[in-house]
1. Determine, for 170, 65, 163, 102, the number of other Cβ atoms within 10 Å of each Cβ, and report the residues in order from fewest to most.
2. With springs only between Cα atoms under 10 Å apart, run a GNM on the chain and tell me which of 39, 114, 104 wobbles the most.
3. Kindly put 205, 276, 120 in sequence by how many other C-beta atoms sit within 10 Å of each C-beta, fewest to most.
4. Which order results if 87, 11, 280 are arranged by neighbouring Cβ count within 10 Å, fewest first?
5. Suppose only helical runs count, i.e. DSSP H with n ≥ 4. What mean residue ellipticity at 222 nm does that imply for the chain under -39500 (n - 2.57) per run, divided by all residues and rounded to the nearest 500 deg cm²/dmol?
6. Please compute the length gained on full extension between residue 190 and residue 133, using 0.36 nm multiplied by the number of residues separating them and subtracting their Cα-Cα distance.
7. In nanometres, what is the gap between the two model label sites at residue 266 and residue 86, each 7 Å from Cα along Cα-to-Cβ?
8. Rounded to the nearest Å, what's the spacing between the alpha carbon centres of the stretch 235-304 and the stretch 41-96? Just the number, please.
Ligand code: PBG
């Protein structure tokens, strides 16, 4: 286990001098762009190689097709430029999906209650390009539309962003464990229905293998399994079968669950955090997106 294995997801909000607590994720904050450099400095100092940015779009800027996702001055782009200006060597990962920008909370566009796969991809590829232009090093499509990796790869290559990498949320399950994240983003209350027609069925592990195969064929550089701890078997299967760079996302609900027990004194904080990290490594992960990234980095450094 190394500090290099850790990626820190961060929430960015509008306004000035904001540091808002996320009630269902103790210790996690939404931070405004002017506070962002200070916010990520500890990650840089500890040697955490990358952060993943999640913007909170004000309700007034959300619409049916997620137009704000394509605005070069949107929160994601401003956050990305701010981090890159302050810390050029810190990797920046941008999530590609429309849910932070739509008024219905879905990851793509909806017609008659159905998600439109191909129409969504046309927007997602522009969203990816918008982020690459802002300086994101890694584009992480989390939308789960079919064929989006190929479309994004072509769009990036066509615009001269051949070296911008794609970390595909490949095996992303329709999970209850995303609840606190949707709180943090303010998209939970907006969500009409569920995401079961495009995210995966938790009962299905073979489909994860087919998704990995497809994303690799389409040009993904790295693949991700999400959530993390309840899906270690999927990570192991992916590693055994494909042996490609594989990442896990220890999601908001996993964090909330562990923190609730830690704060009640029911679990030992340091041991619990590190044991969960080791479990990801043991399952075969090359990297872990976790809200515990800074804590884990400190623990790893003390150990040395
Ligand atoms: C957006 C997205 C989600 C998460 C990461 N990207 C939520 C969702 O699909 O509803 C969840 C992360 C977490 O729970 O920590 N598509």
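Laboratory data are not the source of any read-out in this text; all were calculated from the coordinates shown. Nothing here was measured: the structure is a model prediction, and the numbers come from that model. Positions of Cβ are generated from backbone atoms using ideal geometry, with glycine treated the same way; all protein chains shown enter the neighbour counts.
1. Details: 170 30, 65 19, 163 9, 102 27.
Taking fewest neighbouring Cβ atoms as first place, the list is 163, 65, 102, 170.
2. 114
3. Working: 205 15, 276 19, 120 25.
Fewest-to-most ranking of 205, 276, 120: 205, 276, 120.
4. With the fewest neighbours first, 87, 11, 280 line up as 87, 11, 280.
5. Dividing the helical sum by the residues of the chain leaves -12500 deg cm²/dmol.
6. So the extension gain works out to 17.6 nm.
7. 3.6 nm
8. Answer, in whole Å: 23.
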